[in-house]
Amino acid sequence: MRDSSIRLDDRAAIIHSKGGREDWAFWGAEADSAIRRYLRYRGHQGDGSTWLRLSGAAMTVSDVRKAITHVADLADVTLPEGASVHCFRHRYAHKALDSGLDISQVSQLMRHRDIDTTMRYLREHKDRLKAMHDRVRA
């Protein structure tokens, strides 16, 4: 994410995802407050990357993993062995499905090129499948 791509008033930014595609990322009120504090604290430094190391260099995926592990340690939360940053995407997909979004909407939010990728989240929970089955039968 680059500073120039952030639209604070819209709580959105253009990000570069896998394959160099440009996509929109959105965030809620709590994240907005944290992002605004971070940007004020950080000031204008670095190469235009939004997320910076203390040295001023852009954060890498490894840096993000370390930060998550550090925050988990501070909160006395034990992360599963080998937990990846990707687990947040899984949680988001499940939360979207649980909130009633249909699979095509979740696929768009997840930016999956193939809906079969999104279908994995649906198949992971038999309770969700049973609830859909029960709605059809009713």
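The values are calculated or read from the model by the stated rules, or taken from the named source; none is laboratory data. Keep in mind it's a predicted model, so treat the numbers as computed, not measured. In this analysis, Cβ positions are derived from the backbone assuming ideal geometry, glycine residues included, and neighbour counts consider all displayed protein chains.
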Do we have any residue at all in the stretch 124-137 that's among the small types (Gly, Ala, Ser), without any contact (Cβ under 8 Å) to a residue 24 or more places away in the chain and not in a helix (DSSP H, G or I)? no
Within the stretch 113-125, can one find any residue that is polar (S, T, N, Q) and within 30 Å of ASP3 (Cβ to Cβ)? no
I want to confirm something. Restricting to the stretch 69-108 and keeping residues that are closer than 23 Å to TRP24 by Cβ and β-branched (Val, Ile, Thr), which single residue is surrounded by the most Cβ atoms within 10 Å (Cβ to Cβ)? VAL106
Criterion (out of contact with any Leu (no Cβ under 8 Å at 6 or more places or on another chain), modelled with pLDDT under 90 and farther than 30 Å from MET119 by Cβ) met by exactly one of LEU74, LEU79, LEU54: LEU54
Checked the stretch 34-44 for anything surrounded by 11 or more Cβ atoms within 10 Å (Cβ to Cβ) and more than 23 Å from MET110 (Cβ to Cβ); matches are ARG36, TYR38, LEU39, ARG42
Scanning the stretch 91-138 residue by residue, those in contact with an Asp or Glu (Cβ under 8 Å, 6 or more places away or on another chain) and modelled with pLDDT of 85 or more turn out to be HIS94, ARG111
